[in-house]
Structures are given as C-alpha cells and as structure tokens.
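Notes follow once the structure below has been shown.
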Amino acid sequence: MDYSTFWGMLLIAIGGISFVYGLYATNGIFKTAINRLLMIMCCALLVWSLGLAITAAANNKEICMIGYLVAPFGWGPMSGLLLHFTLLLTEQEKLLKKWWIYPALYLPGLVMIYAFTILPAMGLYPDDFIHTLYGWVPVVNYDVWDYLFYAYYISFTITNLILLLSTRITSPDKSKRTQVTWLAICYIIAYTLGTLSDVVFGYLDITIPRLSTIFSLIPIGAIAYSVMKYGPLSRKPATQSAAFRTDHAHSNVYRVMSFGFAIGSILNIISQKLLYQETGLPDIDKFSVFLIFVAIIILLINELRINSLLKEMSMAIVYSIIIPYMTLRFVQYGSITIWAFVFLLFILCLIYNRRILLITITMSSLMTQVLVWAISPRVLVEVNVADYSVRLGLIGLSAILTVFVNSIYVAKLKENFTYDEKQTLLAEISRDFISAEEWNKDEILHNLLEKCSIFIKSERAYIIVFEQDKGKLHYSCEWLADGTRSFLKDFENLSSDIHRKLFEQFESEGVMKLPDANLLPPIAGKFKKLLAEQNIRGMVNLPVREKGKIIGIMGFNSSRPLREWNLDSSDFMEIVANVVSDMLLKIKVENRNKFLAYHDQLTRLPNRISFKEHLDEVIKQASITRKTLAVVFLDIDSFKAINDTMGHDLGDTVLYEVAQTISDSIRYCDAVSRFGGDEFVIILNEISGQDDVEKIMDGLMTAISKPLNIRGQEFYVTISVGCALYPEDGEDSETLIKNADTAMHHAKGLGKNQYLMCTQAIKDQVEEQLVLTNHLHRALEREQLVVYYQPLVDMTTKSIVGFEALLRWSLPERGIISPGLFIPIAEQTRLINPIGEWVLETACRQNKLWQEKGFSGLRMAVNVSVVQLGNPNFVQQVEAILKKTGLAPKDLELEITESAASNNVDNIVSILASLKALGLTLSIDDFGTEYSSLSRLKVLPIDRIKMDMQFVHGIEGSEKDQAIVKVIINLAKSMKVKVIAEGVETKIQLDFLSQLLCDEVQGYYYYRPMPAEEIEEILVSKSLVDSE
C-alpha cells in the first residue's frame, strides 16, 4: 500500500470515526436542536474527509478535482456549525431568536461552497494540483476568495472562543465551567494545528496533504464526549428487540465477529500461501497477523468492564478503520473479492439488532468503495483459484451465519410460542385472582396448580402455608397427576433442619431447584431416600410471602429431572408464586376487613352494623315464637374524664376490660356489641319479662362495681343502663334501641350508676321533645319566634336604663312554649346558632329604632348560649350585626351563664376579651347557681353580675338567702362590677336590695316582659311625665 492510498484510507477512517461520534453521542435521537446540530457537524466532517481522501488518493487529476470540489460541502459550513453549537451550549436563547442570526451563521459557509465548488466547476478561480509522494496536493492561487475564507474562519474562531471563555467566567455551574474549558482547549488546539498545516504550510509552499480534517476530529470528539458526560443532549436509549437486549447477546455478536476475523486469517493463508503463486501480492503473513490482531482487539473490547454503549462505540471505531484498510489492501485488484466481507458484518448486525453499528459499517463501506473507484477507476484483473477460494470461504461463512440465523429464528418462534402460553396462563391466573375469596380459595388454587403443572410438565404441585413456627401446617392445597400419591404428609414430617435450610435458601437465592435427585451427594442420603420413595427426581420450590416475610411454599416435583421439564427459567414460577402470595394476602385482608366491618377492633365485639343485623334476625324469630326479648343500652359514666385525665391508652384498656366484664356477665344465649365510644348494647334472649331483665342487670351492676386492675392500679367505673322490652317498647330494632337509649339517658339524669326500665312516661317525654324539635326547625321561617323585652330599672333614679331581650315561641296549636322546654332542644340540635343570631339582630335593630325615636342611653341585654360561644365566627357575627343595625357597641350587653364562664376558662376569656374589644359590655347571668372559683371569676372581663332570682325570692323567708344576697352584692362591689337582681316581685325584696345598694333590678314588681309595641308605649308615657 503506497502513501497516497494509506493517506486516503486514514481520511476515510477519520470520516467514519466522526460519524460514530455523532451516532453514539446522540444515541440516534434527533428530536432536539442540539442533537441534530451535532450530527450535522459529524456528517460535514465525514464529507470533508471523503473529499480530501479522493483528492489525495485519486488516480488522475480529473478525479482529484472531483474530491476537491466535494470537500467544501464539509469544511465550508463547519465554522458556522461550531459557533451555532457554542451558542446553544452557552444558552444564548435570546440571541438565537433574532431573525438575522441564522443568515449570519450560515451565509458565509454557503458563500465558501459557491466560491470553492461552483466557481471552480465553471472554470473560474481554479487551484492547481501537483502529485507528490503523499498523493495529490493543491497549489493555492491566492485570490479574493481565499482571503474571504481566512476572514470568515478567523472571525468565527475568535467569536467561538470568546463565548466559551466568557461562559467559563460567568457561569455558576461548576460542571458547565469544566465543559466549556475543555471545549475551548480543544478548539484552540484544532484551530492552531489546522491553520499551521493548511494555511501556513501552503503559504510557505510546503507541499503536504491537507491535515485540518484530522485536527477537526479533536473538537468534534470533545463535543461528543462533553455531551455524553455532562448530559445536555437527550439520552433516552434507542429501543432494541427484546430478544437481544441482554449483555449476553451483546457479547455473542462480538465473539462471532472475532471468530470471523480469525477464520479470515486462516483463509488468507490457505488461499494465498498454498494456492496463489503469483508475485506482487500483499504480504500474506502481515495481513493474516492483522486479522488475528483485529480478532484480539474485538475480544478485548468485549471483556472491558464498561457499559454496552461504549463497547459498541469502540467497535464502530474499529470497523471505521479496518473496513477501509482491508478493502484498500487489495485496491490494485479493484478489491474484487474482499469488498464482500462487509455483508457478513451486515448479517451479524441484523441478527443482533445493532442498528447504529450497522449504519456505521454501511457508511464506512460506501465511503471506502468511493475511494476504491477514485484510486482504481478502471482495472482488469484475473480471477484465479485463490480468488475462488476466498469466495468459497466467504460463502461458507455466510452459510454458517445463515444456519445460525435460522436456529435463532426457530428458537425465537418456540420462545414466542412458550411466551404466549405463559401470558395466556398468567392472564387466566390473574383473572382468577380478582375473583378469589375465602369460599372459593381452594378451587382457584387447585386449578392454578393444575394449569401450571401441565404447562411445565410436572406431576405434583402443592401450596403450603405454615404457622408462625414454620413447622406446623396452617393451610395446604395439592394437585396430583393420575397415579401420583400425596406428598404433603411426608413434607410435614420432614425434620426442622430441612425446613430451616429450605427457608435459608429462599432468603439467599429466592428459589430452591433440585435438577436431579439422583445426583444428590451421599450426605443428603435421608432426603434422597424420601424423594426416591415418592418417585421424585426434579423439584422446584418457591417461597410464598406476606409483606416480605416467608409464610409458606409453592412447590412442583416430578419423576423426571428438570431438564425434561418445560422450564427454561424460574422467572415464570416466581411470578406465579407472587400471584399466590398476593392472592392469599388479599383473601386474608378481605377476611380481616370483613371482620373489622362487623366487629369493633378494640374489644373484638360485634359492632353497630353487625348488632343491628343480628337484632333484626332475633326480632324476626321472636315474632314467630312470640317470645320476649330485651335490648339493653349501656354507657360508662364520666368516661371522658378517664380519657382526659389518664390518657386514651388507659381509656382503651378500660373499654376492653368493661367489654370483657359484660361478656362474662351475660348468658350464652345473649349477645353484646360495642355500639360506639363508651356505649354497649346487649340483646337478652329467652326472657319471660321485666323480672328476668332486672335479675340479669343486678348481676351486671354487681360485676361492674368490682375494681378493674389495670397496670397494677385499681380503677372503679360505673355505668348507666337503659332497658327496653320487645314487643312492649318497640317491634323493630330502631325503636327498641332508641327507647333503651332514652331510658339510659334518664338513668344518667337521675344520678348515674343505675339501670332504668323504659316506661310510657319516658316515651311520652321523648315523643314530646321530638314533636317540639320538628316544629322548632321551621319556627324561624314561619315567624313563630318573637322577642319580648323586660325593662331594667336603676335603683337610685327608678328610671329605665335598659332591657333584657327574652325569646318567646308562639306555637299555633300549643300557644306560648316555655323557653325552659325549647332552649335545651335548640342547643342540642344546634338550632340555637341561627336562632341566637336572629334574636341578637332583632334586639339590636329594636334598640336602634327606639334611639332614633329619641329614647337614647338605653342598653340592650341579650342572652348568649354556650353553644354560640363555641362558634369560631361568633365575634365576627356580633361585629357584623352591630354594623348592619347601626347600634353603638356600648348600647349592647351580652349575658353568659355562670356555667359557660366556668368551662374552658382560657378559651372563654379569649372570646370575651375579643367581644370586649368591640366596645360592648358583658354580664354573668344566673350568678350563684353554679360552682365558680374566685380565681376564675376575677380573670373574666365582665361589667355586671346578675343575681339569680331564687335568691331574690328567698329574701322574705330565708336568712340564708339574705346572707347569700349580701355576699353576692359585696363581692360585686369589691370587684368593682355592678349587680342586677332579677325576679324582684315585692316591696320587701326591693327595699332589702336598696339597703344593700344593689345597682339595678328586673322583675314583675316594675315590669313584666312585653312586646316591643308595649315597651314603646311605656317609654313614650315616661317621656311625657319627665317633660311635665
């Protein structure tokens, strides 16, 4: 091989390597702009290399000129491409959006193509060529176009470097700084060496081939490495056939290729040494050594511990070199036979689906054949025995590869058929899995074992679930082929040591395989004997797991060794074992959910749903047998206090112990349920009447009265119980439970720690409350509620200083309903919130109306329920009503009960402070009726204390009441708050309060509660009197 041919071969290799860089850096994905640009640069370098290769190695000047005209299509736009890539890499998005940027980048390159390709082809500004030892070398005739090229090349180079170096200075990203630094270094090296070889040497008349294409490989390689390492390009891997996706398949193609080159070396020796006797042929030994060297290189690449992508790229680079070398080695003979060896490479790439490698080989082969034409455009050769021998060798290798392809195809067909069978079987198993429940579990698992055994050709299959000690069987299911006896009993009798080793193997390997029992060593004699008795040679066992923990085994065995089974790997059986594990867990969870759906998790007693279903059945039976039964509703007294003081854990323990006590105290025919919270409900069956109920309840109360020993401490609890009889107190479950619940609440109201039978009086009272509740829900919209006003009288001036707004309910069928009846109902149903809001707004609006009529200086007192205070928006509600009605806050007073002020003091103080901040006044109503500590009372921001009327009424007949009145008034004076006495009805009461300097009074002695119209008449008459 002469120097010009070698130089052409080297340039072809350079072009192929650049193409490899592009393919592997982008991974064949060109969706992003930066990927496409990198590939275009690599293709440009490939075209440049091909043009220079033709130019250098051409057979004559005409062919040399063709290569010279092709090269500008590669080097012409290269500077623009590199600068464009730098703009993308340095994230110059704004600049790239300018309309002029792309003409600025690529128009100079197009001009260079026009100047150095189109014009010379037309005979204008042509360069001359001389033939040297290294092939054809251009002699540049410097003209305007050459100087324009230098300006284009230098300006783009400087701009490129400025962008890279400025990014290195300004970028906060360390990896980006490293990236642009290496690129700048590679650019400088390539620009310097390229300028030296192609510009300076040409200017000095040093006649050597153009080298800049070789140096351009440096920045292209740096770009490819940079984007692969730092990841600015899309790295999603190209898809491959599932058959050749593994590393093992990758290794196979490299081994086959290495073997092929080794065979080629032998064929070369045979064909050339023994058969071919002509002189002037290539050195036989050197070429054979080269082929052996290539085979070794491929094997070494295969053994490298790098990822498959880098291995494939290395192989592509190797082929970019050896394809032109092997072809051009015989170029003087037109490479008449050797050129066909690339088809063997094509076949291998197709077999193993190496798409990118196939593209590289194709491109390198095409460029090499173009160069063969350039070197030997026309050649006459003699085909002799040696050539036929090489052809026969190539045909033989092709035949071997064809047989290999056919075997792979047949194996793939079989694999696909087996895969389809597996998928069908797994689909059936999955479908059964969905419908699996406790009642059909055995049938589904048996069918699963049968289908899997038939598929893998085993004769026995079993599923075993162990108890926690992993020795005793908890559940088992077995399928047996005809004539096969059960293995379960023998399996259960296996020693614990064998069980332990089996589970250890599951933990370490995930599966236990016994390929052939006949091959077991003598140390396993006992186990081998057992298998022989069962006629077992091959066995596969897999773990059944629950949340990662091994709970059992799924196994298959047969009288045949595993090699005769249809089991290429354990993956399929592992999937089935996982399905079985999930199925058993699903059934267990469903059973647990069903239990939890009908049972209380803490006490394990039936819950409300289960109890009602059972009670419905019991009532149905009792209606047929005409027997009596009782429903008992039980509630633990003050259980909230236990939770609040001792904690919920201890409260749960108390609930559990009480549940056990109740269960132990009732008869076997009775049933108990936890209804919710601290409530239990009992069904008493087979009773004759109330006497039997009382007898059972007496025993229950006695049992509950005994102390509970919890965590070494004794706890006493009491219960309140209500009992309802069927059919006297209800003929359906809802009515019986409701009446028993009502009786229980009456028992609580009577002092707790007792049981109470449901009576007609209790039911009537409940009925009355229900009727009132229903009417109360519509009272506002039907305008049945009305506000009355009772004047507040100053003790000193005897004048009216304010009013208390009192709610009245006028029910058409019943007349006026006492507030003592409907206010508790309103609080229980939370209707007190809308009703209270309406009362507050009505009272404020009325006071404002009176003020507008000239009756100023009057305050309006409105009662506030504890339920209203619990409304988080209550303060905002009051503020909104004041703004809406226009009443000044100082003319509004809110009254809260003493009990409300005593509960949750911190929260109440915060609410009252917020109300106080609005500017209104506050008072405590019914003072003296509840327990209030002075420490609590002193922190409340109140303005008045309203003494309860029971003490005022007792002034005339009770010295104790007189003393209490004195204490309350003195206490108020000492706290600097005013006192109002309500319920004043006699002169004696008024005089007594006057002597004690009570501030204000309210009661029938002066005025009864009246509608607004009557109050207004009083105010008018008072005004007339005062004016006289």
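The values are calculated or read from the model by the stated rules, or taken from the named source; none is laboratory data. Predicted model only: the values in this text are computed from it and were never measured. Cβ atoms come from the backbone with ideal geometry, glycine included; neighbour counts cover every protein chain shown.
Looking only at segment 410-446, count how many residues are touching an Asp or Glu at 6+ places or on another chain (Cβ under 7 Å) and loosely packed, with under 15 Cβ neighbours inside 10 Å.
1
Return the only residue of GLY647, GLY651, GLY699 being at positive phi and assigned by TED's automatic domain parsing to the domain that holds ASP729.
Going through GLY647, GLY651, GLY699 in turn, the sole match is GLY647.
Just a yes or no: is a residue in segment 759-770 surrounded by 13 or more Cβ atoms within 10 Å (Cβ to Cβ), of a type in the set (Val, Ile, Thr), in a strand (DSSP E or B) and out of contact with any strand residue (DSSP E or B) (no Cβ under 7 Å at 6 or more places or on another chain)?
No, that holds for no residue.
Look through ALA597, ALA641 and report the one residue that is closer than 29 Å to ALA436 by Cβ and free of Cβ contacts under 8 Å to residues at least 40 places away in the same chain.
ALA597
Within segment 33-60, track down each residue that is out of contact with any helix residue (DSSP H, G or I) (no Cβ under 9 Å at 6 or more places or on another chain) and among the β-branched types (Val, Ile, Thr).
none
Tell me which residues, restricted to segment 546-560, are in a strand (DSSP E or B) and either of a type in the set (A, V, I, L, M) or modelled with pLDDT under 90 (or both).
Within segment 546-560, GLU546, LYS549, ILE550, ILE551, GLY552, ILE553, MET554 qualify.
Can you tell which of LEU89, LEU95 is over 25 Å from PRO324 (Cβ atoms), without any contact (Cβ under 8 Å) to a residue 40 or more places away in the chain and within 44 Å of the chain's Cα centre (by Cα)?
Of the residues listed, the single one that is over 25 Å from PRO324 (Cβ atoms), without any contact (Cβ under 8 Å) to a residue 40 or more places away in the chain and within 44 Å of the chain's Cα centre (by Cα) is LEU95.
Which one of these does TYR716 not meet: (1) hydroxyl-bearing (Ser, Thr, Tyr); (2) under 18 Å from ILE636 (Cβ atoms); (3) surrounded by 15 or more Cβ atoms within 10 Å (Cβ to Cβ)?
(3)
Can you pull out every residue in segment 789-840 that is farther than 25 Å from LEU887 by Cβ and part of a strand (DSSP E or B)?
SER810, LEU811, GLY815, ILE816, ILE817
Within the group LEU196, LEU165, which residue is modelled with pLDDT of 85 or more, assigned by TED's automatic domain parsing to the domain that holds VAL47 and either within 19 Å of MET78 (Cα to Cα) or under 60 Å from the mean Cα position of the chain (by Cα) (or both)?
Result: LEU165 is the single residue among LEU196, LEU165 that is modelled with pLDDT of 85 or more, assigned by TED's automatic domain parsing to the domain that holds VAL47 and either within 19 Å of MET78 (Cα to Cα) or under 60 Å from the mean Cα position of the chain (by Cα) (or both).
Each row is one residue, and each column tells you yes or no for (1) basic (Lys, Arg); (2) at pLDDT 90 or above.
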{"position": "PRO889", "(1), (2)": "no, yes"}
{"position": "ALA913", "(1), (2)": "no, yes"}
{"position": "LYS916", "(1), (2)": "yes, yes"}
{"position": "TYR931", "(1), (2)": "no, no"}
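Taking THR628, is it among the polar types (S, T, N, Q) and either buried (at least 20 other Cβ atoms within 10 Å of the Cβ) or touching a residue at least 12 places away in the same chain (Cβ under 8 Å) (or both)?
yes
Could you say whether any residue in segment 424-431 is at pLDDT 60 or above and closer than 19 Å to GLY552 by Cβ?
Yes - at least one qualifying residue is present in segment 424-431.
In the set LYS620, LYS640, LYS586, LYS627, which member is in the same structural domain as LEU736 (by TED's automatic domain parsing) and closer than 30 Å to ASN440 by Cβ?
LYS620
Quick one: which residue in ILE395, ILE463, ILE408, ILE454 is at pLDDT 90 or above and part of a helix (DSSP H, G or I)?
ILE454
Please go through (1) surrounded by 12 or more Cβ atoms within 10 Å (Cβ to Cβ); (2) in a helix (DSSP H, G or I); (3) of a type in the set (A, V, I, L, M) for LEU602 and return the number of the only condition it doesn't satisfy.
Just one mismatch for LEU602, condition (2).
If only one of ALA53, ALA104, ALA25 is at pLDDT 90 or above and not in a loop (DSSP other than H, G, I, E, B), which one is it?
After applying the criteria, what remains is ALA104.
Look through GLY74, GLY80 and report the one residue that is crowded, with 23+ Cβ neighbours inside 10 Å and not assigned by TED's automatic domain parsing to the domain that holds LEU366.
GLY74
Kindly provide the set of residues from segment 676-687 that are touching a residue at least 40 places away in the same chain (Cβ under 8 Å) and either crowded, with 22+ Cβ neighbours inside 10 Å or not hydrophobic (A, V, I, L, M, F, W, C) (or both), ordered by number.
Once the filter is applied, which keeps residues that are touching a residue at least 40 places away in the same chain (Cβ under 8 Å) and either crowded, with 22+ Cβ neighbours inside 10 Å or not hydrophobic (A, V, I, L, M, F, W, C) (or both), segment 676-687 yields GLY676, ASP678, GLU679, PHE680, VAL681, ILE682, ILE683, LEU684, ASN685, GLU686.
Does GLU804 count as within 54 Å of the chain's Cα centre (by Cα), farther than 25 Å from LEU770 by Cβ and among the acidic types (Asp, Glu)?
Criteria not met by GLU804.
Could you tell me whether any residue of segment 179-189 is surrounded by fewer than 14 Cβ atoms within 10 Å (Cβ to Cβ) and in a helix (DSSP H, G or I)?
No.
Residues of segment 116-159 being touching a strand residue (DSSP E or B) at 6+ places or on another chain (Cβ under 6 Å) and free of Cβ contacts under 8 Å to residues at least 24 places away in the same chain, which ones?
ASP128
What number of residues within segment 84-140 satisfy the criterion of being loosely packed, with under 14 Cβ neighbours inside 10 Å and of a type in the set (S, T, N, Q)?
0
Hey, among the residues in segment 632-671 that are more than 15 Å from PRO707 (Cα to Cα) and assigned to a loop (DSSP other than H, G, I, E, B), which one's nearest to the chain's Cα centre (by Cα)?
GLY647
In segment 826-880, how many are under 49 Å from the mean Cα position of the chain (by Cα), modelled with pLDDT of 90 or more and either acidic (Asp, Glu) or within 24 Å of GLU1000 (Cα to Cα) (or both)?
Residues meeting the conditions: 3.
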